[in-house]
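Right, one structure below, let's go through it.
The values are calculated or read from the model by the stated rules, or taken from the named source; none is laboratory data. Note that the structure is predicted; figures quoted are calculated from it, not measured. Don't worry about glycine lacking a Cβ; one is built from the backbone with ideal geometry, like all the others, and counts go over all protein chains shown. The accessibility values were calculated without ligands, DNA or RNA, using every heavy atom of the protein model including side chains. Shrake-Rupley method; radii C 1.70, N 1.55, O 1.52, S 1.80 Å.
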Amino acid sequence: MFLNHFEYFAPQAAKDALDLCDRLGAKAKILAGGTDLLNLMKDKLLKPEYLIDINNVDEFKGIFYEPGKGAVIGAATKISEIERSEIIREKYFALHQAAGELGSVQVRNMATIGGNICNASPAAETPTPLVALGAKVVISSLSGDREMPLEEFILGNGETALAEGEILTKFLLPEPISGSVSRYGYIGLRDAMEIDAVNLAVNLALGEDGRIIKQLKLVMGSVFPRPLVSEEAPEILIGKEFSAELAEEAARAASSESKPISDIRASAEYRREIVAVLSRRLLQEAFSAAQGEV
Amino acid sequence: MGVWDKEQYVREGVPPFQDERRFTQVGKSVPKIDSPAKVRGEAIYTDDIVLPGMAYGRIKRCTEHAHAKIKKIDYSKALAHPGVLAVLIGDEAPKKWGMLPQTANETVLAVDKVRFNGEGVAAVAAVDEETAEIACDLIDVEYEPLPVLLDPFESMQRAGEIQIHEDAPGNILHEGEQVFGDVDKAFKECKYILEREFKTNMPQQGFLEPQAALANYDPQNGQLRLWSSSQIAHYLHRQISDVLEMPMNKIRVTVPTVGGGFGGKAEACVNEFVACLLSRKIGRPVKVTFDRSEVFYTNKGRHPCHMKMKIGLDADGYIQAVDFDNTLDKGAYAGWGIVVLFYSASMIHLPYKVPNARFRGRCVYTNKPSMGSMRGLGGVQPRFAMECMLDELAEMMGISPFELKMKNAVESGYTAVNNMYVPHTEYKRSLQKAVEKSGYLEKHGKLPFGKGIGLAGGYYITGTAYTLYMSYKPHTSVLLRVDTEGGVTLHCSAVDIGQGSNTVMAQMAAEALGVHFEDVHIQSHDTEVGTFDLGTFASRLTYATGIAIRDAAEKINGKLKEIAAGLLGCRADHLAIKDRKIYSIYEAERKSMEWEKVVEIAVNTTGSLAAMGHFSPPRRRGFDLTSGKRAQGANIGHSPTFGFSCQIFEVDVDLETGKIKVTRVTESGDMGTMINPMAADGQVEGSIVYNLGACLYEDQFFDKDGIHLNPNFQDYKMPTIMDMPEMDINTLTDSYDPTAPFGAKETGEGAVQPTFPAIVNAIYDAIGIRFTEVPITPEKVLKALKEKKKGK
C-alpha cells in the first residue's frame, strides 16, 4: 500500500530532466502520469530511490502538426488531450479511438502517452495504433537524441529499449499517405474500464481507383509480449482489389500469426478467434471509410 | 409527488376518514435524508474519524498459502520496530465466533492453521499506517503447506485424507433433507418431466467502502466503544462481547455512514475484533481499515452452488413435484452457511404452487474465502435453475413461458406444502404488466437469430421469522419521543446502508403521527442511543420498523387524542391526526386543533411524551402439511410477507465474438406500498445491474494452490455505467398488503432474483442455447455456438 521512501525532483527544463536522469541512472524512475508507476510502487514491485517528475517540462508536452510532415506528440502529453485533439482525430483516427478507451476519464486525465508506452504492457491501448500509424520514438539523453520505430522500442512485457540516463521524449507520426484510413478495435468483457483481451489496429490506404489496396499495416495487441505486426495480411491484400473473401483470408492469416497466452481474461484459443473477427471487421470498416476518402 | 397522487390517494367509494390507505407522507418520493451530505462529500464514514492518540492497526495475512499449518510465528522484530505499539496473534483471542452461535468456528486470527488464502495470522498496532505495514512485513511466519481443497466434491471425496476442520468429518458443515408430500409418486403421474444441472459462480458484494473499524477501550471505566461500517450493529455487539468476554452493557457500537453493504457487512468482520483487542491491549483508540484485497480475502460473497433439479408437470402444465439437490461451496468457515443451505431449500416452494417437494443439500468446506450473505441470499441460485427449467418445460408443452408461470403462480392466502404462508401477492399482475409493457408475447420466439427476449419471475422474504440465536424477543423496537423542544425523535438502532431506511422510517413515523416527514429526527445506527434492532438483512427493515413505529405512534396518538378530546369536546376515538392537525373525522371544520398546540398542552401537563413500539414476526413452523411431520431446517424461509417481481430482458448476441449486450429490461414488481417510490425504483434498478454483473462478468479465480487471482477491481469486473441497459421499471402502484405496515413489503433483495434466468432465457431465445452455468462470458458463448454448429 505504501510507497517506499524516495527523493522527488520536478525539473522545469528538458536539460535539467536529462541531467538528473543521467546522474541518477537506474536508481531513478520517470514520473509522468503515475497511473501505472504508482501502482507498481504500491505493490512493491518497484522501489526507486528517486522520482523525476517530468510534468513541468513544457518541451515534453503537446501535439504539433505540420501539413505534409506529420505530427509530433510530446511523451508527457495527457491521454485525454490526445483523445480530444481535432488533428489526431482527423489524421490518426485509430489513435484517437484507442485514447478514448484507455481506463476511465480520471485515468485519461492523468495518464500520458509516453507512460503508456514505457510501461509496455502487452494489453496497452496506444502501442497498437501507434505502430500501425508508423510512429517513431525520440529518445533523449545528455548526449543527444536518437530515433527508432516504436515496434523496435517495445521489447516485451514491461521491457523497452530505454537505456540508463535516457528519457522517451517524443513520438513522430508520419503524414498519412493519401487515401489512408486507420481504425482501432478491442474485445473485452465489459464496455469501459476494460483491460483488453485483444486489441487491434489497421492502417489501410487505397489507390486512386478506390479499390486496390496500396498500403496496409495490421497490428495486434495483447496476443504477444509486444505489439505484433502481421506480415501475412499485407502480403495477401496489397496490390489486390479489396473483397470480403480476401479480408477473411488476411484475417485468418493474422490470427494464425498471433501467439496469445491463456489467462484469467481469456483463453489463447478465444483470443486467436477474436483476432480473426476483429481483423476482418476493421479491414472492412477501414476499406469502407477509405473509399469515402478517395 | 409520487405515483400515488392520482391512483391511490383517495379510493372511490371509500370515505377518506375510513381509508387506511389515504397517506400524506408515505408514498412520496422525498429525497433521501442522507443524500445531501453524501453528494457534498460531507458524510462521515468510519475511516474519516480520527481520535486523539489514535493508533493504526493492520493485519498480517497469509498470502502464500490457502491451507497450511502454522509452525511458528516470530514477531520479535516487529515489536522492536520503532513506533510499533503491540502485536496480536490468534492464541490471544481463541474464542470462536460466527453469525450462528451453533456453528461458530472462526477465530479472530488463525490459530494453528490457515484455511484460506489471505487469512489473518497476526495483527499490529502502530503510530501510523506505514509503520503498521512495515511491522507486518517484519513478522516471520513459518508454514507447513497442506493439501488444498477447492472443489466441494473433491473436498468431500478426500475428507479421509485431509480435513479442513477437526470437528467437521467429511468436510461437511451440514447436510440436510426435507421431504414434503410424495415426490416419487407424483413424478410417476407427471406428463412432462425435466431434469437439469446448474452451476453458479462466486461473485462478491462489491461495496465501495471497504470495512473500517475504530475501537476505543477506556481502561479507567472498562467501557469499549466501537465505530464500524456494519449492517448488523446488534449481532456485532453480541459477538464482540463474546470474543472479548465483556458484558454487552460495557460495549457501545456506533455505525457511521456506510458505503454499501449488500450483505457483505452482515457478519462481524476480523478488523472489528482486531481493533477492539488491540485497543484493549494498548489503552488507545485503534483503527483498522481494509484495503480492497482484504475485502476480497475476507469476502463472504455468494455461495457457488452445484444444483440438480427435477420438475414434473401434469398434462395441463400444473407443477406436481420438484426434486432439488444442492451442493454449496462454503469456503473456509461456517458463517451464514446453514441458513443459506435451508433458504435455498425453501425457494422451491414459491412463487409457484408445488404440492410435492424434496430437497437434499450439503454445505461443504473448501479452502476458499468464506461465503456469506449476499443480496438475495439462498434465492438467486435455485431461482436461476427453476425459472430456466420452467422456460424449457413451457417449450416442451408448446406454450408460452408466461402462460405456464401464470398457471402455476401463487395467490394471496396461499399456504405452501411446507407451511410457508403468503398473506398477499400480486405476482400474476407483475407478470402480466411486464409482459404487456415489453411486448414479450409479440417478440418471444419471433426475433431474428442473435436477438432474444427472456422472462423470469421471483420472490423474496420480507424479514425472517426467527433470530439466529434462539430468542423470541421482538426483532425491532423503536422509541418515539415527542416534546416541545426536539419535536419528534425516533430512536432505533437500525442501520441505513444506503438503501434508505432512515428516510423511510421518517416517512412512516410522520405518517403514523400525523406530522410531516421533515418534522422527524432519526436517531439510528447506535446500540446505546437507538433501541433494539436485529440488523439490516433479509429485506426486513421497512416492515419491521413500520410495525414498531405504528405501535409506538398509536400510544402517543392516544394520549394526544385524549387531551384534544377534552379541549374540543368530542370523543377521542372520533379524532384523527393528519397534516399536523387533530380533528374530528365527522366535524373536521368545527372541531380541529393544531397538533403542536396539543403537544404543548400535553407536555405542560404531564411532561414529554415517549412510547416504545415493538415488532415480533409471526412464529410459523415448517412441517409437511400432508403428513404433519416436521422437516429439519424448514423454519427457515418463513416470513411475515413476501415481495414478488418479474423481469424481461432483451439481448443482442454478437455471433462472432460471443459478446452479449443487454439492450432493454422491463420490470414489474409487487412490493406492496412503495413508502418512497424514488428510493424503491433505485433498489430495483440497482438490483438489476447487480445481478447482470454476476450473470455476465463477475467471478473470483483461484490457481491450483488456492491463491486468489483477482482480489481487485481491475480484474474482478463489475458492470460500468457503459454496460447499463435501458430499464423500464413498472412497480405496481396499487399493490397493498393489508397485513403489512402501510401495506409495504420488501424489494431490496426480491428484485435480484429474476435477473439470472431472465438473461439466460433471453440468450436461449436469441441463439437456441440454454446455459446452465454463470457467468456467461463471450468465450463460453462462442464455444457453445461452435459446438451447436458442429452438432448440426
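Roughly how many debye, to the nearest 20, is the charge dipole of the protein assembly as shown about its Cα centre, given +1 on each Lys and Arg Cβ, -1 on each Asp and Glu Cβ, and no other charges?
Numbers: 120 positive and 145 negative charges, 505 e Å.
Computed about the Cα centre, the dipole is about 2420 debye.
What accessible area, summed over both chains, is buried at the B-A interface (1.4 Å probe, Å², nearest 100)?
On the way: alone 29130 and 13720 Å², together 40420 Å².
The B and A chains share an interface burying roughly 2400 Å².
Using only the alpha carbons of the stretch B:579-632, what is the convex hull's orientation-averaged projected area in square nanometres?
Numbers: hull surface 34.3 nm².
The orientation-averaged projected area of the Cα hull of the stretch B:579-632 comes to 8.6 nm².
Taking 0.36 nm per residue of sequence separation and subtracting the Cα-Cα distance, how much length would be gained by fully extending the chain between B:Met248 and B:Gln157, in nm to one decimal? Display every interim value, and only then the final one.
Numbers: separation 91, 0.36 × 91 = 32.76 nm, distance 4.25 nm.
Between B:Met248 and B:Gln157, full extension yields 28.5 nm more.
Which log10 I(q)/I(0) values, to two decimals, does the stretch A:60-174 give at q = 0.11 Å⁻¹ under the Debye formula with one point per Cα?
Result of the Debye calculation: -0.31.
Hey, if you put +1 on the Cβ of every Lys and Arg and -1 on every Asp and Glu Cβ in the stretch B:666-792, which of B:Gly750, B:Gly791, B:Asn676 ends up farthest toward the positive end of that dipole?
Looking along the dipole axis, the top candidate is B:Gly791.
In the neighborhood of B:Ser608, defined by Cβ-to-Cβ distances under 15 Å, what is the net charge if each Lys or Arg adds +1 and each Asp or Glu adds -1? Each step should come with its number before you reach the end.
Values: positive: B:Arg481, B:Lys555, B:Lys559; negative: B:Asp483, B:Glu485, B:Glu596, B:Glu600.
Taking every Cβ under 15 Å from that of B:Ser608, the sum is -1.
At 1.4 Å probe size, with every protein chain present, just tell me what the per residue accessible area of chain A comes to in Å².
On the way: 12500 Å² over 294 residues.
Ligands and nucleic acids excluded, the result is 43 Å² per residue.
For a quick check of understanding: with a 1.4 angstrom probe and all protein chains in place, what accessible area in square angstrom does B:Glu773 have, to the nearest ten?
Only protein atoms counted, so the area is about 80 Å².
Which pairs break 26 Å Cα to Cα here: B:Lys661/B:Lys789; B:Lys330/B:Lys353; B:Lys451/B:Lys783? Please list the in-between numbers first.
Working: B:Lys661/B:Lys789 22 Å; B:Lys330/B:Lys353 30 Å; B:Lys451/B:Lys783 18 Å.
B:Lys330/B:Lys353, as the Cα separations exceed 26 Å there.
When the dipole is taken about the Cα centre of the stretch A:1-131, and only Lys, Arg (+1) and Asp, Glu (-1) are charged at their Cβ, what size is it in debye, to the nearest 20?
Details: 14 positive and 17 negative charges, 44 e Å.
That gives a dipole near 200 debye.
How far apart, in nm, are two points set 7 Å out from the Cα along the Cα-to-Cβ line at B:Ser29 and at B:Val50?
4.1
Over its Cα atoms, what ratio of radius of gyration to 2.2 N^0.38 Å does the protein assembly as shown give? The partial results should precede the final answer.
Numbers: Rg = 32.1 Å, N = 1086, 2.2 N^0.38 = 31.3 Å.
Here the Cα radius of gyration is 1.02 times the empirical estimate.
³J(HN,Hα) across the stretch A:19-30 via Karplus (A = 6.51, B = -1.76, C = 1.60, θ = phi - 60°), whole Hz, x for Gly/Pro?
Whole-Hz 3J(HN,Hα) from phi for the stretch A:19-30: 5, 4, 4, 5, 6, 8, x, 5, 6, 10, 10, 7.
For a label point 7 angstrom out from the Cα of B:Ser471 toward its Cβ, which stretches of the stretch B:621-663 have the backbone nitrogen within less than 16 Å?
The answer is none, because no backbone nitrogen lies closer than 16 Å to the label point.
Mean 1/r over all different Cα pairs, inverted: what Kirkwood radius does the stretch B:473-615 give, in Å? Let's see the in-between values first.
Details: mean 1/r = 0.0654 Å⁻¹.
Final number for the Kirkwood radius of the stretch B:473-615 is 15.3 Å.
Can you tell me the Rg and Dmax of the stretch A:71-121, counting just the alpha carbons, in angstroms?
That works out to 10.0, 27 Å for Rg and Dmax.
Return the distance in nm (one decimal) between the two label points of a simple spin-label model at B:Leu79 and B:Ile585, each offset 7 Å from Cα along Cα→Cβ.
7.2
Can you give the calculated 222 nm mean residue ellipticity of chain A, where each DSSP H run of n ≥ 4 adds -39,500 (n - 2.57) and the sum is split over every residue, rounded to the nearest 500 deg cm²/dmol?
Details: 12 runs with 106 residues, N = 294.
Here the helix-only value at 222 nm equals -10000 deg cm²/dmol.
Grab the Cα-Cα distance for B:Lys789 and B:Leu100, subtract it from 0.36 nm times how many residues apart they are, and report the gain in nm with one decimal. List each step's numbers first, then the result.
Details: separation 689, 0.36 × 689 = 248.04 nm, distance 4.99 nm.
This chain segment gains 243.0 nm when fully extended.
Would you list the P(r) distribution for the stretch A:180-293, with all Cα-Cα distances sorted into 10 Å bins from 0 and each bin expressed as a whole %?
Over the stretch A:180-293, the share of Cα pairs per 10 Å bin runs 16, 48, 27, 9, 0 percent.
When Cβ neighbours within 10 Å are restricted to other protein chains, what is their mean count per residue of peptide B:771-779? Can you show the working numbers first?
Numbers: counts 0, 0, 0, 0, 1, 0, 5, 8, 11.
Going residue by residue through B:771-779 and averaging, the value is 3.
At a Förster distance of 35 Å, what's the computed FRET efficiency of A:Ile177 paired with B:Leu208, Cβ-Cβ distance as r, to 0.05? Walk me through the intermediate numbers first.
Working: r = 49 Å, r/R0 = 1.39.
For A:Ile177 and B:Leu208, the calculated efficiency is 0.10.
Suppose we take every Cα in chain A and form the convex hull; what volume per residue is that in Å³? Please report the intermediate quantities before stating the final value.
On the way: hull volume 35.7 nm³, N = 294.
Dividing the Cα hull volume of chain A by its residues yields 121 Å³.
Based on C-alpha coordinates, I'd like the Rg and Dmax of chain B, in Å.
Cα-based Rg and Dmax for chain B come out at 27.1, 88 Å.
How big is the charge dipole of the stretch B:65-190 about its Cα centre, in debye rounded to the nearest 20, if each Lys and Arg gets +1 on its Cβ and each Asp and Glu gets -1 on its Cβ?
Values: 11 positive and 24 negative charges, 50 e Å.
The dipole of the stretch B:65-190 has a size of about 240 debye.
How big is the shadow of the Cα convex hull of the stretch B:300-395, averaged over all directions, in nm²?
Working: hull surface 23.2 nm².
With the hull built on Cα positions only, its mean projection is 5.8 nm².
Which is farthest toward the positive dipole end of the stretch B:104-176 among B:Ile162, B:Pro147, B:Cys136, measuring Cα position about the Cα centre, with Cβ charges +1 (Lys, Arg) and -1 (Asp, Glu)?
Comparing the listed Cα positions along the dipole, B:Ile162 ranks first.
Multiply the residue separation of B:Arg770 and B:Ser592 by 0.36 nm, subtract the distance between their alpha-carbon atoms, and state the gained length in nm to one decimal.
On the way: separation 178, 0.36 × 178 = 64.08 nm, distance 6.53 nm.
Stretched out fully, the B:Arg770 to B:Ser592 stretch lengthens by 57.5 nm.
If you take each beta carbon of peptide B:708-716 and count the beta carbons of other chains within 10 angstrom, what is the mean?
Counting Cβ atoms of other protein chains within 10 Å of each residue's Cβ and averaging gives 2.
Could you derive backbone 3J(HN,Hα) for the stretch B:289-295 from the dihedral phi with the Karplus parameters 6.51, -1.76 and 1.60 (θ = phi - 60°), listing whole Hz in sequence and x where the residue is Gly or Pro?
Values per residue, Gly and Pro as x: 10, 7, 8, 4, 5, 5, 4 Hz.
Take every DSSP beta bridge with both residues inside the protein assembly as shown and express the antiparallel ones as a percent of the total, to the nearest 5.
Numbers: 145 of 178 bridges.
Rounded to the nearest five, the antiparallel share is 80 percent.
What residues qualify as long-range amide H neighbours of A:Lys240, i.e. H under 5 Å apart, gap of 5 or more or another chain, H built at 1.01 Å from N?
Here A:Ile213 satisfy the definition.
Have a look at the stretch A:143-192 and report residues whose accessible surface goes down by 50 Å² or more when the remaining protein chains are included, against the chain on its own, probe 1.4 Å, ligands and DNA/RNA excluded.
Listed by number, the residues meeting the 50 Å² cut-off are A:Leu189, A:Arg190, A:Asp191.
Springs between alpha-carbon pairs under 10 angstrom, Gaussian network model over chain A: which of A:Phe224, A:Phe64, A:Phe93 fluctuates most?
Between A:Phe224, A:Phe64, A:Phe93, it is A:Phe64 that shows the largest mean-square fluctuation.
Using only the alpha-carbon atoms, how far is helix A:268-293 inclined from the longest principal axis of chain A? Give it as 0 to 90 degrees, nearest 10.
The angle comes out near 70 degrees.
For the stretch A:84-91, in order, what is each residue's ³J(HN,Hα) by Karplus, 6.51 cos²θ - 1.76 cosθ + 1.60 with θ = phi - 60°, in whole Hz (x at glycine and Pro)?
Taking θ as phi minus 60°, the curve returns 8, 5, 5, 5, 5, 4, 6, 9 Hz for the stretch A:84-91.
What FRET efficiency, computed as 1/(1 + (r/R0)^6) with R0 = 25 Å and r the Cβ-Cβ distance, is obtained for A:Ser267 and A:Met1, rounded to the nearest 0.05? Walk me through the intermediate numbers first.
Values: r = 33 Å, r/R0 = 1.30.
With R0 = 25 Å, the Cβ-Cβ based efficiency is 0.15.
Check which residues have an amide H placed less than 5 Å from B:His174's amide H, if you skip close sequence neighbours.
B:Cys363
Using modelled backbone amide H atoms (1.01 Å from N, in-plane), which distant-in-sequence or interchain residues come within less than 5 Å of A:Glu194's amide H?
For A:Glu194, the qualifying residues are A:Gly103.
Give me the 1.4 Å probe accessible area per residue for chain B, excluding ligands and nucleic acids, in Å².
Working: 27920 Å² over 792 residues.
Solvent-accessible surface per residue comes out at 35 Å².
Which value, in Å² and to the nearest 10, is the accessible area of B:Phe615 when all protein chains are kept and the probe is 1.4 Å?
Number for this one is 10 Å².
If packing is taken as the average count of other Cβ atoms within 10 Å, what order do B:75-82, B:601-608, A:70-77, B:362-369 fall into, highest mean first? Write down the numbers at each step before the final one.
Details: B:75-82: 15.4, B:601-608: 12.8, A:70-77: 23.0, B:362-369: 27.6.
Taking the mean over residues of other Cβ atoms within 10 Å, the ranking is B:362-369, A:70-77, B:75-82, B:601-608.
Using 7 Å Cα-to-Cβ label points, what is the A:Asp19/B:Lys308 separation (nm, one decimal)?
7.8
Once Lys and Arg get +1 and Asp and Glu get -1 on their Cβ, which of B:Ala512, B:Phe532, B:Gly607 lies farthest toward the positive end of the dipole of the stretch B:473-615?
B:Ala512
Report the net charge of residues surrounding B:Ala409, where surrounding means a beta-carbon distance below 9 angstrom and charges are Lys +1, Arg +1, Asp -1, Glu -1. Mind dumping the intermediate values first?
Working: positive: B:Lys353, B:Lys405, B:Lys407, B:Lys428; negative: B:Glu411.
Charge balance in the 9 Å sphere: +3.
Could you calculate, for the stretch B:420-530, the ratio of the Cα radius of gyration to the Kirkwood radius, expressed as Rg to Rh? Show your work: numbers first, answer last.
Numbers: Rg = 21.7 Å, Rh = 18.4 Å.
Using only Cα positions, Rg/Rh for the stretch B:420-530 is 1.18.
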